[in-house]
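Worksheet for the structure shown next.
Any read-out appearing in this document is the output of simple, stated calculations on the displayed coordinates, not a laboratory observation. Every value quoted in this text rests on a predicted model; they were computed, and no experiment measured them. Here the Cβ positions follow ideal geometry from the backbone for every residue, glycine too, while neighbour counts run over all protein chains shown.
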């Protein structure tokens with residue numbers, strides 16, 4: 001069953017508040033369509049979150065509705081931020097959770113950039 005990306009966007013989510021300047025964030029990189037910030041509850045020595053500025057619920061929603069410029073800007077933001085924090089010298093993982101079963105907790109697309117230590121297998125068997 002496909003994920004319903006037509007669910008209404010919640011303007012009160014934490015990323016919307018950060019984008020509006022209502023909550024503080026430690027910004028690593030930003031461009032016209034995205035920001036990359038440090039995660040406030042890091043799961044690895046490097047744990048960044050790349051967030052599109054547009055109101056996208058999930059990767060599924062973003063891939064269906066984002067403009068080419070937004071998609072390129074988010075992709076470039078992930079790579080640039082990884083280079084800024086030097087995660088690219090040791091390796092890193094890029095992860096986006098989609099929907100409850102995928103582990104998504106906040107209904108605004110955010111991409112985790114994890115590194116700074118061996119990350120192990122993708123999933124436990």
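Name every residue in the range 36-68 that is part of a loop (DSSP other than H, G, I, E, B), surrounded by 15 or more Cβ atoms within 10 Å (Cβ to Cβ) and touching a residue at least 60 places away in the same chain (Cβ under 8 Å), in order of residue number.
Within the range 36-68, 39, 44 qualify.
Conditions (1) surrounded by 15 or more Cβ atoms within 10 Å (Cβ to Cβ); (2) more than 14 Å from the chain's Cα centre (by Cα); (3) over 18 Å from residue 14 (Cβ atoms), marked per residue:
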site	(1), (2), (3)
84	no, yes, yes
97	yes, no, no
101	no, yes, yes
104	yes, no, no
111	yes, no, no
116	yes, yes, yes
120	no, yes, yes
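Against the condition under 24 Å from residue 10 (Cβ atoms), touching a helix residue (DSSP H, G or I) at 6+ places or on another chain (Cβ under 8 Å) and surrounded by fewer than 17 Cβ atoms within 10 Å (Cβ to Cβ), how does residue 74 come out, does it pass?
Judged against the criteria, residue 74 is not a match.
Restricting to the range 69-125, count the residues that are under 20 Å from residue 45 (Cα atoms) and in a helix (DSSP H, G or I).
Residues that pass the stated criteria total 11.
Taking residue 24 and the conditions (1) in contact with a helix residue (DSSP H, G or I) (Cβ under 7 Å, 6 or more places away or on another chain); (2) more than 17 Å from residue 97 (Cα to Cα), which numbered condition does it fall short on, given that it satisfies the others?
Unmet for residue 24, out of (1) in contact with a helix residue (DSSP H, G or I) (Cβ under 7 Å, 6 or more places away or on another chain); (2) more than 17 Å from residue 97 (Cα to Cα): (1).
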